[in-house]
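Quick notes on the structure that follows.
Where a number appears in this text, it was derived from the coordinates with a stated rule and is not lab data. Remember, predicted model here, so these are calculated numbers, not experimental data. Glycine gets a Cβ as well: all are built from the backbone with ideal geometry, and neighbour counts include every protein chain shown.
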Amino acid sequence: MIKLRRWWLIFVSVLGGLYLANAQPVIGQAASGNGAGFTIQMVANPHQTSGVTNYFDLTVQPGQTGSVQMRVINLTKQTLHLRLASNTGYTTSNGTEAYDLSKLGTRSTAQYQLNQLFQTPAKLTLAPSATKLITVPYQMPKQGFNGILEGAFYFLNLASGSRQVTNQKGFYLHNRYALALGLVLRQNAKITVKPKLTLNKIATGIEQRQKFSPAISVNLANVAPQLLKKLTVDGRIYGDNNRLKYRTKRSGLGMAPASNFDYLINTNNQRLAAGKYRLHLVATSGSQRWVFNRQFTVTKAAADHANAETPRDWHWLWWLLLIIIILLVIWLAYRFGKHQAAKKSAK
């Protein structure tokens, strides 16, 4: 027993180390924060939209060159090493906007990525309690662009933060802190492009927020170069008998311009069966409303993938065993009674 326990502790330690090696940083979307160890101050810009003071909102022209400036202040008595990037915003699987990725791939269909326009220094070193002025030059595309380009200057503290206990015994996460200073580019402040929502593919997925429940994954895309705010999505899945099977409604969502995300309609931890289904999804934002209806099929392979994290319900097996035991007891009692009757008649 002692040897078994020792090997178990070694196994858990190895898994914990692998988990830490792949842990993602904790992101803070703000322009200041003592937890991050530093703060950022925006320097006034001549192209700034009037009345906007907490992020860059610049009106630019095709082919225009210029620069933006920021002050980065070290709030600690230690040297800080920061990584800088000018990142285009994207929409996370939770329906919120984030700025922590430099390479977005299919997450963004923006006409231009911000890291193509701004020459952001890759790294920055701050002496203890020091303040440094950062100048970032830019070159706007000669062809111009529609709507807005939106994202942030993203500052990541390369030092590991405090250790946090997870919900699994023996597993820990080390935080890394980051701050983001918003950035919006537009060529005409008077022309507003409306958001436009479209439905892409339907697949299966796993809803981690709902204790790893199987889910139907609906890819929604905001194809317009405009922010989509205060979004409410009501997704319903009907079976082939047109009966409502699953429903997930969420509000307070938001999408970055020209981005997409997978909206998950979970099964409430029920195993997903292969078969034919129908999606009915209604999305609203302010006065705008989108309605999507689509038939789709879930294959056995897709259902098995979605059910991978869901334990099987074995209650039916226990009931079956109980019924078998009861029948066996009845049969044995019958046989015993019959045998006793035969003995009495033989006398």
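Details
- Here's the picture: a label point sits 7 Å out from the Cα of Ala127 along the beta-carbon direction, and within the stretch 70-85 the residues with their amide nitrogen under 16 Å of it are 72-81.
- Simple label model, 7 Å out from Cα along Cβ direction - Gln139 to His280, nm: 5.4 nm
- Each of Phe153, Phe118 has some number of other Cβ atoms within 10 Å of its Cβ, and from fewest to most they run Phe118, Phe153.
- Net charge in the neighbourhood of Gly254 (other residues with Cβ under 10 Å of its Cβ; Lys, Arg +1, Asp, Glu -1) is +1.
- The stretch 235-347, relative contact order [Cα under 8 Å, separation at least 6], %: 21 percent
- Legend: ranking of residues Asp240, Asp57 from fewest to most surrounding C-beta atoms inside 10 Å; resulting order Asp240, Asp57.
- Per-residue extension of 0.36 nm, minus the Cα-Cα distance of Ile325 and Asn241, leaves a gain of 26.5 nm for this segment.
- Residue order for Phe56, Phe292, fewest other beta carbons within 10 angstrom first, comes to Phe292, Phe56.
- Computed E for Val291/His81 - FRET, C-beta separation, R0 35 angstrom, nearest 0.05: 0.10
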